[in-house]
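See structure below.
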Amino acid sequence: MNAVYLAQDPTLADFGKDPWWLVLIKVVFAFAFGLLATLLGVWFERRVVGYMQVRPGPNQVGPFGLLQTLADGLKMAFKEDILPKAADKVVYFFAPTISVICAVTALSVVPFGPMVSIFGHQTPLQVTDVPVAVLVLLACSSMGVYGIVLGGWASGSTYPLLGGLRSSAQMISYEVAMGLSIVAVFMTAGTMSTSGIVAAQGDATRLTIAGVEVPAPGWYAILLLPSFIIFFIATVGETNRAPFDLPEAESELVAGFMTEYSSLKFALFMLSEYVAMVTMSAVTTTLFLGGWRAPWPITLWAGANSGWWPMLWFFGKVLVLVFVFVWLRGTLPRLRYDQFMRLGWKVLLPINLVWILVLSGLRSIEGWQTRDRLLATGLGAGVLLLVTLLWPSRKKAPQPSLQEQVNSRPHGSFPLPPMDLQVPPSPRTKRVVAEREPANVAAGSDSREV
């Protein structure tokens with residue numbers, strides 16, 4: 001493959017013109033990237049968490065333990081495949097494949113680089129792109145949950161069923177927050193095409209301050225910081241990663257939806273989780289971190305965004321996000337289920353709605369005069385601050401005292417110990433013990449029990 005440096009962003013018109021063998025190469029490359037990144041991701045997670053917890057990670061099989069994941073895969077392949085008697089055999093068999101296929105399919109609309117030359121054909125480093133490519137990503141993310149839900153239901157056991165129900169509730173809760181955070185990207189970029197969103201982030205935003213144009217960063221992770229934070233939190237919830245790994249909570253559900261799975265089917269579920277983690281890291285890079293474009297100050301080099309170099313920047317950004325996934329697992333404890341639902345519905349969703357409202361207002365006054373824009377922005381900020389300060393807070397009901405709680409007990413309740421924490425003497429002891437002599441005074445010979 002000869003690299004021809006073409007500093008050119010692909011457009012929708014550049015897709016659909018490749019010969020069949022070139023499309024096949026792209027599909028195989030995207031699939032191989034997902035699998036290879038998953039294998040390295042498992043090893044990477046073990047090594048990083050081991051370093052964070054001051055213990056050795058896998059370091060015996062191969063150099064630096066690089067072959068440990070391959071050894072684990074071979075071990076799972078040769079393990080006995082157990083089929084529960086009460087399982088729905090067809091659904092039980094196909095459920096793991098649904099999660100893997102949906103996670104890998106999302107990579108088809110992720111741009112890995114700009115226009116390049118492959119065997120003389122100028123083509124974008126992307127399998128395909130459509131005007132609603134981001135909706136394809138959301139659809140793949142949503143459909144992947146069906147594998148977990150069906151796997152939990154088809155196992156014919158209680159704990160897998162509870163894990164599947166938890167996963168469906170997570171998907172409903174955090175899909176809303178994720179979709180709303182992408183709305184801000186649509187409004188700013190003016191397109192739902194993934195290649196178009198990357199191109200929109202390539203142009204530095206121009207801010208006019210006191211009549212002077214000042215260049216600002218083009219990454220939406222900076223321009224749309226609330227949307228980026230909410231999207232990443234929702235991504236962690238969507239992929240069932242710690243601290244949101246409630247569908248497979250070992251302390252509550254043994255292993256959740258995977259309890260009855262073994263051998264290769266268990267390996268497919270494990271694989272789908274890491275493929276989804278890598279895929280969502282690639283999606284986050286595309287939507288908020290400039291995609292394959294080089295970060296500053298590498299952009300000072302004229303050829304930074306040309307040829308095959310952008311693939312290096314893209315993989316570097318994905319690696320950083322995967323590290324954040326692992327960092328969260330090694331740092332944060334698992335949330336309770338009610339805390340997890342409260343975070344999605346009562347925190348992320350209201351903040352997202354308010355942020356979209358503010359962003360819509362700012363976009364609608366872009367054509368106004370500078371004085372009018374400042375006046376409208378200040379007025380809106382003042383109203384928002386006033387509403388925040390005057391918002392009624394829920395006052396907690398006064399807690400009754402301990403004695404009031406004791407007095408309110410119904411007649412005939414179980415007797416309580418004394419409130420002064422003084423243990424009454426045993427009626428079987430003699431007077432000298434009952435009077436509680438000081439500990440440094442030896443009791444008389446008649447202090448034995450009778």
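Give me D for segment 329-402 in µm² s⁻¹, whole number, from Stokes-Einstein with Rh from the Kirkwood sum over alpha-carbon pairs, 10 °C and 1.306 mPa s.
Rounded, D is 98 µm²/s.
Just read off the accessible area of Met311 with the full protein assembly in place, 1.4 Å probe, to the nearest 10 Å².
Here the accessible area works out near 20 Å².
Pick from Val176, Val236, Val90: which residue has the top mean-square fluctuation in a GNM of the chain where Cα pairs under 10 Å get a spring?
Val90
Cα axis of helix 158-189 to longest principal axis of the chain: angle in degrees, 0 to 90, nearest 10?
The answer is roughly 40 degrees.
Out of the trypsin sites (Lys or Arg not before Pro) in segment 1-105, which ones are loop residues according to DSSP with at most 16 other C-beta atoms within 10 Å?
Lys17, Lys79, Lys85
Going by accessible area, probe 1.4 Å, with all protein chains left in place, what is the ranking of Val278, Val149, Val28, largest first?
Of Val278, Val149, Val28, the descending order of accessible area is Val28, Val149, Val278.
Report, in degrees rounded to the nearest 10, the 0 to 90 angle that the Cα long axis of helix 20-52 makes with the longest principal axis of the chain.
That helix lies at roughly 30 degrees to the long axis.
So how long is each side of segment 19-133 along the principal axes, counting just the alpha-carbon atoms, biggest first, in Å?
Dimensions of segment 19-133 along the principal axes of its Cα atoms: 47, 43, 25 Å.
Can you grab the distance from the C-alpha centre of segment 60-123 to the C-alpha centre of segment 235-293, Å, no decimals?
12
How big is the chain by Rg and Dmax over its Cα atoms, in Å?
Expressed in Å, the Cα Rg and Dmax of the chain come to 29.9, 107.
Which one, Leu150, Pro392, Ile197, is farthest towards the positive end of the dipole of the chain when Lys and Arg carry +1 and Asp and Glu -1 on their Cβ?
Highest projection toward the positive end goes to Pro392.
Can you tell me the dipole magnitude for the chain around its Cα centre, using point charges on the Cβ only (Lys, Arg +1; Asp, Glu -1), in Debye to the nearest 20? It would help to have the intermediate numbers written out before the result.
Details: 32 positive and 28 negative charges, 155 e Å.
That gives the chain a dipole magnitude of about 740 debye.
Starting from segment 301-385, pick out the trypsin sites (Lys or Arg not before Pro) whose DSSP state is loop and whose Cβ has at most 14 other Cβ atoms within 10 Å.
Arg336
What number comes out for the charge environment of Leu138, summing +1 per Lys or Arg and -1 per Asp or Glu over other residues with Cβ under 13 Å away?
Once positives and negatives cancel, what remains is -2.
For the full complex of protein chains and a 1.4 angstrom probe, list Trp345, Trp153, Trp292 by accessible area with the highest value first. Let's see the in-between values first.
Details: Trp345 110, Trp153 140, Trp292 5 Å².
Most to least solvent-accessible, the answer reads Trp153, Trp345, Trp292.
Nearest 10 degrees, 0 to 90: what angle lies between the long axis of helix 225-238 and the longest principal axis of the chain (Cα atoms)?
The helix 225-238 is inclined about 70 degrees to the chain.
Give, as a single signed number, the net charge of other residues whose beta carbon lies under 12 Å from the beta carbon of Tyr337, with Lys and Arg counted +1 and Asp and Glu -1.
Residues close to Tyr337 contribute a combined charge of +1.
Note down the accessible area of Tyr146, probe 1.4 Å, to the nearest 10 Å².
Rounded to the nearest 10, that gives 120 Å².
Taking only Cα atoms and a 10 Å spring cutoff, compute GNM fluctuations for the chain and point out the largest among Val145, Val354, Val275.
It is Val354.
Exposed loop GluC sites (Glu not before Pro) only (DSSP loop, at most 13 other Cβ atoms within 10 Å): please give the longest stretch of the chain free of them, not including the sites.
Longest site-free region, per DSSP loop and neighbour criteria: 81-365.
For the chain, modelled as a Gaussian network with Cα springs under 10 Å, which listed residue fluctuates most, Ala87, Ala381, Ala200?
Ala381
Counting alpha carbon pairs within less than 8 Å and at least 6 residues apart, what relative contact order, in whole percent, applies to the chain?
That works out to 19 percent.
For the chain, with the dipole built from +1 on Lys and Arg beta-carbon atoms and -1 on Asp and Glu ones, taken about the Cα centre, which of Ile351, Phe314, Val116 lies farthest toward the positive end?
Farthest along the dipole direction, towards plus: Ile351.
The values are calculated or read from the model by the stated rules, or taken from the named source; none is laboratory data. The structure presented is a predicted model; accordingly, all values stated were derived computationally and were not measured. We place every Cβ from the backbone using ideal geometry, glycine too, and count neighbours over all the protein chains shown. When the accessible area is computed, the model is the full protein with side chains, heavy atoms only, and any ligands, DNA or RNA have been set aside. Shrake-Rupley method; radii C 1.70, N 1.55, O 1.52, S 1.80 Å.
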